[in-house]
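Let me begin by presenting the structure, written as structure tokens, before commenting on it.
None of the figures in this text is laboratory data; all of them are computed from the coordinates on show. Everything quoted here is computed from the prediction, not taken from an experiment. For neighbour counting, all protein chains shown are included, and Cβ atoms are generated from backbone atoms with ideal geometry for every residue, glycine included.
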Amino acid sequence: SPVAVTVNVDTSRPGPVIERDIYGQFAEHLGRGIYEGVWVGEKSKIPNTNGYRNDVVAALKKIRVPSVRWPGGCFADEYDWRDGIGPRDKRPVRVNTHWGGVTEDNAFGTHEFLNFVELIGAEAYVAGNMGSMDPLEMGRWVEYMTSDSQSSLANERRKNGRDKPWKIKYFGVGNESWGCGGNMRPEYSADLHKRYQTFVKAPREMGMKKIATGANVDDYRFTEVLMDRARRQMDGLSLHHYTFTTSWEEKGKATGFAEPQWASVFKNALRMEELVSKHSAIMDKYDPEKRVGLFVDEWGTWYEQEPGSTPGFLYQQNSLRDAHVAALTLNIFHRHTDRVKQAAIAQMVNVLQAMILTDKEKMVLTPTYHLFDMYVPFQGATPYPATVSKARYTSGGIDLPMVDVSAARATDGGLWLSLTNLDPNRAARVTTNLSGSASGRLLTAQAMDAHNTFDNPNAVRPVPYSATSTGGKLAFDLPAKAIAVVKVTP
Ligand code: AHR
């Protein structure tokens, strides 16, 4: 029989708005993330518009991607923006030393990226190179992209096909300076941030926000030092947290896993709650008015790459388990909207926890894509605190809350509720303090590792779902390992 669970939503205590940008995507020059995943070139047989594949563009528009972070990642700190402008056949060919040692022909550069985000209706989050270039170059890149003057750089942009400046919403001053971005101490990173950002100047009316490269996982000292020394020179501070099955050394398999690995992935993903809370507490100490946003601009699952795929390309399958990770993580962000102002899942297409997988002309939408699609009403919504009674899911010594919940008032005035049942074996009977009717969509499957393939692209997809009413209160029959997102109509 189903486990009885009670959910209480407190609509009298609305929280700060869920910034749309927490639904951001990360797209690096890595594997087939950009090339093939987004860009195929105008001459490709794959249907495209100005070189961008039509199927991927349409899929991304549907989930209303708010912002895209580019060009890295580690790639950002060895990227020379000048390599990616001007006639494509004249652009230099470089070696992508981080990701597979493959050649990078720079066919996708500044124009291709910024026109792409405009095409899908998203904002640009450009990550600059603080690790291996001069601050003068960082400033010049920003001038090239954003200046409406008659400067030589602005005119060079015009000559290259773009008259009006692009809008850059976010500019990242480096990436992972503690690692691939330069192996720096936080003290040095704080000093460099202050120096580099001095020369990054977009027109004031653009309101471009500067983001400092921040901590890895639980490196609280990094956040402490950056906030202590450089908070006045930043609008956001980044945090990166990846979910492995066990650890960096034991990443585990994307599919073909057993229940202990189902549970351990959730345990590691749920660590985001502790990380966001503790990094926020440090930020509160230095910035009580909460001016500086916490930008979780890399998060997601990271498994062993698919057997047979190119080494260094980080190509992995994506299962129902990943959709649950996405729900748990987004719910955590919904609970911390006072500080978390942007986030980016790693990565958008063909890399790590991707929305979309491609195989040449074929495309498949992953369970994580469907979860993002179901969560669209939460973009820009006003969250409410919600509590769940103490039902637990335990497996192999891991003890987790069985049901996770998120509730918010969407911009159209509707009340939306998300319910996530982590237990792969037991259904829940969820009773709530809400009344009326509720309907929406449910995502689940028979197997824990159910996933979509090019031969079977619809193995995991949302189905219509609605609540039953008991005693005037809304109740839900939530199957095992299911995620439901519903709109409540009073
Ligand atoms: O997303 C893959 C890599 O993970 C990024 O390039 C880097 O920033 C992080 O370590």
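Quick notes on this one:
- Residues of the stretch 355-379 classified as within 25 Å of TRP416 (Cα to Cα) and among the hydrophobic types (A, V, I, L, M, F, W, C), total: 7
- Cβ-Cβ under 8 Å pairs, at least 6 apart or on other chains, the stretch 298-321 side touching a residue at least 60 places away in the same chain (Cβ under 8 Å) and aromatic (Phe, Trp, Tyr), far side more than 14 Å from the ligand (Cβ to nearest atom) and part of a loop (DSSP other than H, G, I, E, B): TYR315/GLU306; TYR315/SER309
- Residue match in the stretch 446-455 (condition: under 21 Å from ARG335 (Cβ atoms), touching a residue at least 40 places away in the same chain (Cβ under 8 Å) and of a type outside the set (S, T, N, Q)): no
- Any hit, the stretch 273-280, residues being closer than 20 Å to PHE372 by Cα and in a helix (DSSP H, G or I): yes
- The criterion of at least 2 residues that are out of contact with any Ser or Thr (no Cβ under 8 Å at 6 or more places or on another chain) is met, among strands (runs of 3 or more DSSP E) falling completely within the stretch 10-108, by 67-70, 102-104.
- The set of residues in the stretch 217-268 being under 26 Å from ASN452 (Cβ atoms), assigned to a loop (DSSP other than H, G, I, E, B) and not hydrophobic (A, V, I, L, M, F, W, C) consists of THR245, THR246, GLU250, LYS251, GLY252, LYS253, THR255, GLY256.
- All of (1) within 30 Å of ARG20 (Cα to Cα); (2) buried (at least 17 other Cβ atoms within 10 Å of the Cβ) hold for HIS98 with one exception: (1).
One line per residue, one yes/no per condition, for (1) touching a Pro at 6+ places or on another chain (Cβ under 6 Å); (2) more than 16 Å from the ligand (Cβ to nearest atom); (3) of a type outside the set (Ser, Thr, Tyr); (4) closer than 30 Å to VAL403 by Cβ:
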{"site": "VAL225", "(1), (2), (3), (4)": "yes, yes, yes, no"}
{"site": "LEU239", "(1), (2), (3), (4)": "no, no, yes, yes"}
{"site": "GLU250", "(1), (2), (3), (4)": "no, yes, yes, yes"}
{"site": "ALA254", "(1), (2), (3), (4)": "no, no, yes, yes"}
{"site": "TYR303", "(1), (2), (3), (4)": "no, no, no, yes"}
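- Candidate set: the stretch 281-291, residues that are assigned to a helix (DSSP H, G or I) and not β-branched (Val, Ile, Thr); chosen: the one nearest to ASN425 (Cα to Cα): ALA281
- The single condition from (1) under 25 Å from ALA450 (Cβ atoms); (2) of a type outside the set (Ser, Thr, Tyr); (3) touching an Asp or Glu at 6+ places or on another chain (Cβ under 8 Å) that PRO385 fails is (1).
- Residues that are surrounded by 15 or more Cβ atoms within 10 Å (Cβ to Cβ) and under 21 Å from the mean Cα position of the chain (by Cα), drawn from the stretch 272-290: MET272, GLU273, LEU275, VAL276, HIS279, SER280
- Applying the criterion of being hydroxyl-bearing (Ser, Thr, Tyr) and surrounded by fewer than 17 Cβ atoms within 10 Å (Cβ to Cβ) to the residues of the stretch 427-459, the residue that is farthest from VAL7 (Cα to Cα) is THR453.
- One residue stands out in the stretch 369-397 among those that are assigned to a helix (DSSP H, G or I) and of a type in the set (Phe, Trp, Tyr): the one that is farthest from the ligand (Cβ to nearest atom), namely PHE378.
- Residue tally, condition outside any loop (DSSP other than H, G, I, E, B) and either within 13 Å of the ligand (Cβ to nearest atom) or β-branched (Val, Ile, Thr) (or both), over the stretch 337-368: 9
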